[in-house]
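To start, the structure itself, in structure tokens.
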There are 2 protein chains.
Amino acid sequence: MNNPPRISEAESEVMKLLWQKEPLSANEIIEQLKQQMDWSDQTIKTFLNRLLKKEAIRFEKAGRNYLYYPLVSHDEYLKSENKTFLNRVYNGAVGLMCAKFLEEEKLSDADIEQLQQLLEKMKKDEPGV
Amino acid sequence: MNNPPRISEAESEVMKLLWQKEPLSANEIIEQLKQQMDWSDQTIKTFLNRLLKKEAIRFEKAGRNYLYYPLVSHDEYLKSENKTFLNRVYNGAVGLMCAKFLEEEKLSDADIEQLQQLLEKMKKDEPGV
DNA sequence: CACTTTCGTTTACGCGCGTAAACGTTAATT
DNA sequence: AATTAACGTTTACGCGCGTAAACGAAAGTG
């Protein structure tokens with residue numbers, strides 16, 4: 001329930017892999033990111049270590065290698081990033097923020113439908129807050 | 001049309017003032033932020049200078065004092081922050097992002113109405129994209 | 001005019017981050 | 001067993017940022 005540690009942009013690329021599949025060995029992570037991000041092995045190792053130090057991930061020994069697991073869940077991360085962003089840029093005005101995004105970004109019809117349903121539900125579920 | 005310079009969180013507090021009212025003298029800015037943010041005069045002066053160097057603001061001399069004007073518009077700023085955030089945290093998935101925000105944050109009825117109308121309009125305006 | 005206050009400019013410093021080299025230890029190979 | 005390869009740990013370095021002190025010039029005050 002503590003606030004999750006701050007995860008930097010580069011570090012978040014490591015986390016993204018672990019959120020997709022857990023655990024992963026250092027090598028699996030390095031091979032992926034080496035390509036996707038064009039980082040050197042050493043750079044990626046640094047991120048792993050920093051994430052360990054921050055307690056954003058943990059490892060278990062598997063023979064000579066380590067297997068890494070996320071300690072911070074994707075959901076916690078999103079929640080905390082959302083909050084920070086919303087306050088930093090929009091002073092907490094969610095409505096304004098969503099509106100801004102909607103006018104800037106292209107949404108698929110499916111997205112629109114989904115959001116409409118969400119809004120409809122919110123209207124009903126919370127008549128008086 | 002160039003990408004706006006990166007404006008840090010602290011610096012953005014200065015910008016927020018200038019977006020509300022322009023121009024402002026150093027003193028007006030300092031007096032405001034000194035209180036709101038509990039910063040020292042010197043700290044705020046640093047931000048003004050960094051923003052000048054980044055060409056996020058400019059000044060005109062008014063006698064012994066400077067009057068500051070934004071060079072980066074609020075809209076440019078929002079656009080660029082939105083984009084960065086969306087890509088960094090959601091890999092560009094707007095629909096997902098909005099949904100996440102909607103489930104986390106409380107929206108006023110007015111906000112909900114407004115978003116619904118926006119969505120409705122998007123549906124009509126862009127039948128085939 | 002000398003002194004103090006005001007206001008802008010320059011310099012400083014620790015920390016996180018992006019980036020990676022260097023190092024040490026353990027395991028594999030000859 | 002000695003050498004090399006693999007893998008994790010430690011150290012490094014420049015840059016932006018939060019934070020502010022120090023400095024210099026100009027203007028107001030006695």
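Classify the protein assembly as shown from the C-alpha gyration tensor, please: rounded if a/c falls under 1.5, else prolate or oblate depending on whether a/b exceeds b/c. Oblate, because a/c is 1.5 or more while a/b does not exceed b/c.
So if I take the centroid of the Cα atoms in region B:75-125 and the same for region A:83-129, what is the distance between those two points in Å? The two parts, judged by their Cα centres, are 5 Å apart. In percent, how large is the relative contact order of region A:15-103, given Cα pairs closer than 8 Å and 6 or more residues apart? Reported as a whole number, the value is 26 percent. Working note: Cα atoms of chain B, range along each principal axis, descending, whole Å: 57, 32, 25. Across bins of 5 angstrom width beginning at 0, how are the C-alpha pair distances of region A:9-70 distributed, in whole percent? P(r) over region A:9-70, rounded to whole percents: 4, 20, 35, 28, 12, 2, 0. Computed over region A:74-125, the range of Cα coordinates on each principal axis works out to 29, 27, 22 Å, biggest value leading. Placing a label point 7 Å from Cα along the Cα-to-Cβ axis, A:Thr84 is separated from the same position in the other copies by 1.2 nm, shortest listed first.
Which residue, B:Leu48, B:Leu102, B:Leu24, has the most motion in a Gaussian network model of chain B that connects Cα atoms within less than 10 Å? Of the options given, B:Leu102 has the highest mean-square fluctuation.
Distances between copies at A:Asn65, taken between label points 7 Å from Cα along the C-beta direction, are 6.6 nm in increasing order. For the residue pairs A:Lys21/A:Lys79; A:Lys124/B:Lys124; A:Lys124/B:Lys106; A:Lys100/B:Lys100; A:Lys83/B:Lys100; A:Lys79/B:Lys106, the alpha carbons lie more than 18 Å apart in A:Lys21/A:Lys79; A:Lys124/B:Lys124. Of all stretches in chain B that contain no trypsin sites (Lys or Arg not before Pro) in a DSSP loop with at most 15 other Cβ atoms within 10 Å, the longest one is B:22-63.
Bear in mind these aren't lab numbers, they're just calculated from the coordinates by the rules spelled out. Quick caveat, the model's predicted, so the values are computed rather than measured. A quick note on method: Cβ atoms are made from the backbone with ideal geometry, for glycine too, and the neighbour counts reach across all protein chains shown.
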